Amino acid sequence: MIDLVIIGAGPIGLEAAIRAKRAGLSYKVLEKGCIVNAIAHYPTYMGFFTSSERLEIGGHPLVTATDKPTRKEALDYYRKVVQNEGLNVEQYTEVVGLSPRTAGFDITTCRREGRATIRARKVVIATGYFDNPKLLGVPGEELANVSHYYTEAHPYFDRNVTLIGAGSSAADAALDLFRAGAKVTIVHRGEDFRHSLKYWIRPNLENRIAEGAITAHFRTEVREITETAVIAVKEGRELRIPSDQTFALTGYFASPKLLEMAGVQVDRDTLAAELNEDFESNVPGLYVIGSAGFGLRTSDVFIENGLVHTARAMKDIIGKLERQAVAELG
C-alpha cells in the first residue's frame with residue numbers, strides 16, 4: 001500500500017507528483033503514453049497561446065526564446081523537470097481498473113509485460129482530454145485522409161485541405177497551411193469564428209479570407225467525407241468541396257470512463273464530475289484535477305488554472321494522510 005497514485009503525467013499530474021515527493025509521500029505516476037503525452041501530439045511546429053511562466057511546475061523556470069514557448073521547448077522543459085526531480089513515473093502503463101476498497105484503492109494497470117495491481121490510500125486523476133476528439137458522426141470520418149489532429153503543413157503544399165471547425169487551433173492550422181502553399185477551405189456550422197478565437201489570430205485570418213487566399217463556409221453542415229471531397233450543406237444547397245486531406249478540429253472532451261468505473265458521480269449532460277472545493281469526488285480519497293473532471297467543458301480549464309486545482313487537492317491529501325498517520329501511531 002502506497003500513499004498516492006497519480007494517473008496522468010501531463011503538467012498537472014507532474015505538479016501533483018512534485019508536491020507528493022516534497023511532502024515525503026510514497027507515490028507513483030501512471031501514464032499510458034509518454035511524459036506530457038498530449039503536448040507530444042501537438043502540431044510539430046506549434047507555439048503555445050499562453051506565456052512561459054504559466055506553464056511552469058515545481059518552481060522550475062521555463063526559459064524560452066520568446067514569451068510564448070514552442071512545443072519543442074515545452075517537451076524539453078518537462079523532460080528535464082522529471083529528470084531533475086527524480087519523479088517516479090511509469091510511462092506506457094495504462095490504468096484499466098480502478099476500484100475503491102475499505103482502506104484505499106486497487107489500481108489495475110496494463111503494459112507490455114502484462115497486468116498488475118497497485119494499492120494506494122489516495123488516487124488523483126489528471127488524465128486531460130486530448131485523447132478524445134469530438135466526432136462528427138458522418139460517413140467517411142474513419143478514412144485515412146481524415147484526422148482530428150493537425151500535424152504540420154509541408155506535406156500539403158499545392159493540395160486541397162479542408163479544416164472543419166473555427167476555434168483557435170483550426171484558425172492557426174489554416175494560416176500555417178496557407179503559408180505552406182496549401183489550398184485551404186474552412187467549414188463551420190456556426191455564424192462566425194468561435195468567440196474564443198485568439199485576438200491576434202483573427203485579423204490575419206479574416207484578411208486572408210477577404211482577399212480569397214483562404215475560403216470559408218459558415219452556416220455549413222458536413223454530411224460526408226470521401227477520399228477526394230467534403231460534402232456539406234449550406235443554406236439548403238449541397239457543396240462538394242475538393243479535399244485531399246481533411247482535419248476535423250472540432251474539439252476534444254474528457255472521458256468519464258475511468259471516473260464512472262470508480263463510482264464517481266458524473267453529470268449526464270456535461271460529463272463533468274461532481275467535485276468539492278478541494279477537487280475530491282463523492283468517492284472519498286479520489287481526486288480529479290485539471291480538465292480530467294470537466295467533461296465537455298474543456299474550454300474552462302487550462303494548464304494555469306489546473307495548477308491551482310493541484311495545489312488545493314494536494315494540500316488536502318497531504319493533510320489527511322498526515323492526520324491518518326498520527327492517528328495510527330496513537
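The values are calculated or read from the model by the stated rules, or taken from the named source; none is laboratory data. No experiment lies behind these values; they were computed from the predicted model shown. Quick reminder, even Gly has a Cβ in these numbers, built from the backbone with ideal geometry, and neighbours come from all protein chains shown.
Across the range 102-134, the qualifying residues are those that are out of contact with any strand residue (DSSP E or B) (no Cβ under 8 Å at 6 or more places or on another chain) and free of Cβ contacts under 8 Å to residues at least 40 places away in the same chain, and the one among them that is nearest to residue 310 (Cα to Cα) is 102.
Which strands (runs of 3 or more DSSP E) sit wholly inside the range 212-279 and have at least 1 residues that are among the small types (Gly, Ala, Ser)? Steps first, please.
Working: elements: 215-217, 220-225, 229-234, 237-242, 245-248.
By residue number, 215-217, 229-234, 245-248.
Which of the residues belonging to the range 46-85 are among the small types (Gly, Ala, Ser) and touching a residue at least 12 places away in the same chain (Cβ under 8 Å)? The answer is 47, 51, 52, 58, 74. Do the conditions hold for residue 201, that is, is it touching a helix residue (DSSP H, G or I) at 6+ places or on another chain (Cβ under 6 Å) and surrounded by 13 or more Cβ atoms within 10 Å (Cβ to Cβ)? Considered against the rule, which asks whether it is touching a helix residue (DSSP H, G or I) at 6+ places or on another chain (Cβ under 6 Å) and surrounded by 13 or more Cβ atoms within 10 Å (Cβ to Cβ), residue 201 comes out as yes. Counting the residues of the range 2-59 that are surrounded by 20 or more Cβ atoms within 10 Å (Cβ to Cβ) and among the hydroxyl-bearing types (Ser, Thr, Tyr) gives 2.
Against the numbered list (1) closer than 30 Å to residue 119 by Cβ; (2) at pLDDT below 95, residue 259 comes up short only at (2). Considering (1) surrounded by 17 or more Cβ atoms within 10 Å (Cβ to Cβ); (2) touching a residue at least 60 places away in the same chain (Cβ under 8 Å); (3) not aliphatic (A, V, I, L, M), the lone condition that residue 242 does not fulfil carries the number (1). Can you pull out the residues in the range 34-78 that are within 18 Å of the chain's Cα centre (by Cα) and of a type in the set (Lys, Arg)? Scanning the range 34-78 gives 54, 71, 72.
Mind checking which residues of the range 56-97 are part of a loop (DSSP other than H, G, I, E, B) and of a type in the set (Asp, Glu)? 56, 67, listed by residue number. Tell me which of these residue 195 doesn't satisfy, since it passes every other one: (1) surrounded by 15 or more Cβ atoms within 10 Å (Cβ to Cβ); (2) within 21 Å of the chain's Cα centre (by Cα); (3) over 18 Å from residue 239 (Cβ atoms). Of (1) surrounded by 15 or more Cβ atoms within 10 Å (Cβ to Cβ); (2) within 21 Å of the chain's Cα centre (by Cα); (3) over 18 Å from residue 239 (Cβ atoms), only one is false for residue 195: (1).
Summed over the range 105-131, the residues that are modelled with pLDDT under 95, part of a strand (DSSP E or B) and surrounded by 14 or more Cβ atoms within 10 Å (Cβ to Cβ) give a count of 1.
Could you check the range 179-208 and list, in sequence order, the residues that are farther than 22 Å from residue 152 by Cβ, part of a helix (DSSP H, G or I) and hydrophobic (A, V, I, L, M, F, W, C)? Outline the logic, then answer.
Residues of the range 179-208 that are farther than 22 Å from residue 152 by Cβ, as a first pass: 188-196, 199, 202-203, 206-207.
Still in the running and part of a helix (DSSP H, G or I): 202-203, 206-207.
Within the range 179-208, no residue meets the criteria.
The combined condition, being surrounded by fewer than 21 Cβ atoms within 10 Å (Cβ to Cβ) and assigned to a helix (DSSP H, G or I), is fulfilled by residue 312.
Tell me, please, whether a residue that is small (Gly, Ala, Ser) and either part of a strand (DSSP E or B) or surrounded by fewer than 17 Cβ atoms within 10 Å (Cβ to Cβ) (or both) can be found in the range 161-178. Steps first, answer last, please.
Kept after step one, since they are small (Gly, Ala, Ser), are these residues of the range 161-178: 165-171, 173-174.
Now restrict to residues that are either part of a strand (DSSP E or B) or surrounded by fewer than 17 Cβ atoms within 10 Å (Cβ to Cβ) (or both): none.
No: the range 161-178 contains no residue that is small (Gly, Ala, Ser) and either part of a strand (DSSP E or B) or surrounded by fewer than 17 Cβ atoms within 10 Å (Cβ to Cβ) (or both).
In summary, residue 215 fulfils each of the numbered conditions (1) modelled with pLDDT of 95 or more; (2) out of contact with any helix residue (DSSP H, G or I) (no Cβ under 9 Å at 6 or more places or on another chain) with the single exception of condition (2).
Against the test of being on the phi > 0 side of the Ramachandran plot and not basic (Lys, Arg), the options 294, 279, 302 yield a single qualifying residue, 279.
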